[in-house]
1. Please give the number of the condition Ser304 fails out of (1) crowded, with 16+ Cβ neighbours inside 10 Å; (2) under 18 Å from the mean Cα position of the chain (by Cα); (3) among the small types (Gly, Ala, Ser).
2. Checking Gly248 against (1) closer than 16 Å to Gln188 by Cβ; (2) buried (at least 16 other Cβ atoms within 10 Å of the Cβ), only one condition comes out false. Which one?
3. Got at least one residue in the range 329-344 being of a type in the set (Lys, Arg), open to solvent by 50 Å² or more (accessible area, probe 1.4 Å), modelled with pLDDT of 95 or more and part of a loop (DSSP other than H, G, I, E, B)?
4. From the set of residues in the range 135-154 that are open to solvent by less than 80 Å² (accessible area, probe 1.4 Å) and part of a helix (DSSP H, G or I), which is farthest from Pro211 (Cα to Cα)?
5. Given Ala62, Ala56, which one is outside any loop (DSSP other than H, G, I, E, B), free of Cβ contacts under 8 Å to residues at least 60 places away in the same chain, open to solvent by less than 50 Å² (accessible area, probe 1.4 Å) and hydrophobic (A, V, I, L, M, F, W, C)?
6. Given the criterion modelled with pLDDT of 95 or more, open to solvent by 10 Å² or more (accessible area, probe 1.4 Å), over 30 Å from Ile185 (Cα atoms) and not in a helix (DSSP H, G or I), identify the matching residue among Asn292, Asn286.
7. Identify, by number, the condition in (1) under 30 Å from Ala267 (Cα atoms); (2) open to solvent by less than 50 Å² (accessible area, probe 1.4 Å) that Glu76 doesn't meet.
8. When only residues in the range 29-48 that are among the hydrophobic types (A, V, I, L, M, F, W, C) and open to solvent by 50 Å² or more (accessible area, probe 1.4 Å) count, which is farthest from Asn269 (Cα to Cα)?
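The values are calculated or read from the model by the stated rules, or taken from the named source; none is laboratory data. Given the structure is predicted, the values throughout are model-derived calculations rather than measurements. When we count neighbours, we look across all protein chains shown, and the Cβ atoms used for this are built from the backbone with ideal geometry, even at glycine. For accessibility, only protein heavy atoms count, side chains too; no ligands or nucleic acids. Shrake-Rupley method; radii C 1.70, N 1.55, O 1.52, S 1.80 Å.
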Amino acid sequence: MEGDKKLVEVAINNVMQPTDQESSKKFNSEVKGYDLNEGVNYDKILETFINTGFQATNLGKAINEVNRMIKCKLSEMPEEKKDSMITKSNCTIFLGYTSNMISCGMREYIRFLVQHKMVDCLVCTAGGIEEDFIKCLAPTLNGDFHLSGSQLRTEGINRIGNLLIPNDNYCKFEDWIMPIFDQMIDEQEKNKINWTPSKIINRLGKEINNPDSVYYWAYKNDIPVFSPALTDGSLGDMMYFHSYRKPGLVVDILEDLRLLNNLAVHACNTGMIILGGGLIKHHVLNANLMRNGADFSVFINTASEYDGSDAGASPDEAISWGKIRRDAKPVKVFAEASLVFPLLVGETFAKNFPHKI
């Protein structure tokens, strides 16, 4: 019995180990959600996210980080930068996103940012370019994740998750873009225009002439759009077909690389907002490596880092490469972007940026 008592005392000491009071002072934010007894107030609900825990807290931190980005952007530029032809504000904001963000309803939030000059450059995959224009020609439709691929193929309907794009939409895209490619080759030959992905996107934004388009507003507001893998999608298919119909179009990716990197190199400060991963994420981060890292960073994606992928790489890994500054406070939100990006934009740019609607 005496031995059992001693074992119980040891167990009690193990279970009831006292908290180091000095250490606990470092963590002084109490976990607490919103009390709906105060009424349904979405602003207040979002304000409590920072103290809610888990990914709600990360979203709260992301909102704070973007607001810091905006505050820096609206601050006065140093005198030596005011005459710069490249740097337009005290914080150059890079927005990168994968093509599915344009496929879904995030297109309208991205368009809002570009329409009101809230970001300074875009980096996107090819699908995120072409689908913006295709949506101006014909709608993308809501479907279901579990529709039969075999059946949809026989019906001429393409599925992106639970979104549907009739194949006729791509036929309309071909009819629209082929004459533009003809003109571009003529201008390349007669006017010695060196076409780059960003120049092509700018030209297509001009030609679409539709205020629903992200890239129409990028053209109007002189915001560069970079897509280094522009051939990896329907645009590439159209270029392939066109190369047999009227060969000769040359696309220079190096000129765009210089422009993107120089946006970072000449910037007073930089901020990155990255939706998704892969090429678009690394392209933005690598540009910021040229200036020893971004000052502000927010990543939103669902990827984990266990496989060593770029998509899953944490902000801290980016710091090790010099792509984010060592003294920065980057945030990663582990979430599907269509759930949280509207909240992020609503709590930051839409509220705190001086724009005219």
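1. (1)
2. Going through the list (1) closer than 16 Å to Gln188 by Cβ; (2) buried (at least 16 other Cβ atoms within 10 Å of the Cβ), Gly248 breaks only (2).
3. Within the range 329-344 (the criterion being of a type in the set (Lys, Arg), open to solvent by 50 Å² or more (accessible area, probe 1.4 Å), modelled with pLDDT of 95 or more and part of a loop (DSSP other than H, G, I, E, B)), the answer is yes, since at least one residue qualifies.
4. Gly149
5. Ala56
6. None of the others qualify; the one that does is Asn292.
7. The one condition Glu76 does not meet is (2).
8. Looking at the filtered set, the residue picked out is Leu36.
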